[in-house]
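Worksheet: the structure to be examined is printed underneath.
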Amino acid sequence: MADSTEKEMKILILATLSGGYEGANSVGQSHFEYAANTYVLPVVSPAMFPEDFYLRAFERGIDAIVVMYSGSDCPYRGAAERTAEIINRVFPKMKERGINPRRLRLVAICTVCAKPFLEEVAHANELLSEIGPVRDEIAAAQAQAA
């Protein structure tokens, strides 16, 4: 993927403080590089984000969202299950709006997972180079509905 395309499309990572964010921190401490179109948002738990958050993020130009959490190691009781439930309810709503569900991904990243963190960023960019910007999908779905 060309650098200009990579900079145009945006990847949002919701990284839990107990997992994904520590993985991102491990990447930084190791002085590894990843694509500049990646925005890491540290969160206590992605379970606190309602379904509408994801849909609005796509509608506002976020091209891919990767939810990186600590999985069953989450220190908050029921948060991992709740996060999975929310994400599973978002997928059909994405389809209804003409948004490819592959743009949203839920992955378990541990506190020292530098390599898996980098792989997820690379995977998201590969996907975006294949399917293009979300605004194109949304526009096509709106045109088809009209």
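Every number here is computed from the coordinates shown, using simple stated rules; none is lab data. What you see is a predicted model; the values in this text were computed from it and never measured. FYI the Cβ positions are ideal-geometry reconstructions off the backbone, even for glycines, and counts take in every protein chain you see.
Overview of values
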quantity: Region 1-145: relative contact order as a whole-number percent, Cα under 8 Å and 6+ apart; calculated: 34
quantity: Of the DSSP H helices in the chain, those whose Cα atoms cover at least 24 Å axially and whose Kyte score averages 0.0 or more; calculated: 114-131
quantity: Ranked packing of 13-19, 49-55, most packed first, by mean Cβ within 10 Å; calculated: 13-19, 49-55
quantity: Lysine pairs meeting the criterion (Cα under 24 Å, 8 or more apart or interchain), as found in the chain; calculated: 4
quantity: Sites excluded, trypsin sites (Lys or Arg not before Pro) in DSSP loops with at most 16 other C-beta within 10 Å, longest stretch of the chain; calculated: 1-59
quantity: If the convex hull is drawn through the Cα atoms of the chain, its volume per residue in Å³; calculated: 91
quantity: Simple spin-label estimate for residue 123 and residue 60 in nanometres, 7 Å along Cα-Cβ; calculated: 2.6
quantity: Inter-part distance where region 7-25 and region 46-110 are each reduced to a Cα centre, Å; calculated: 13
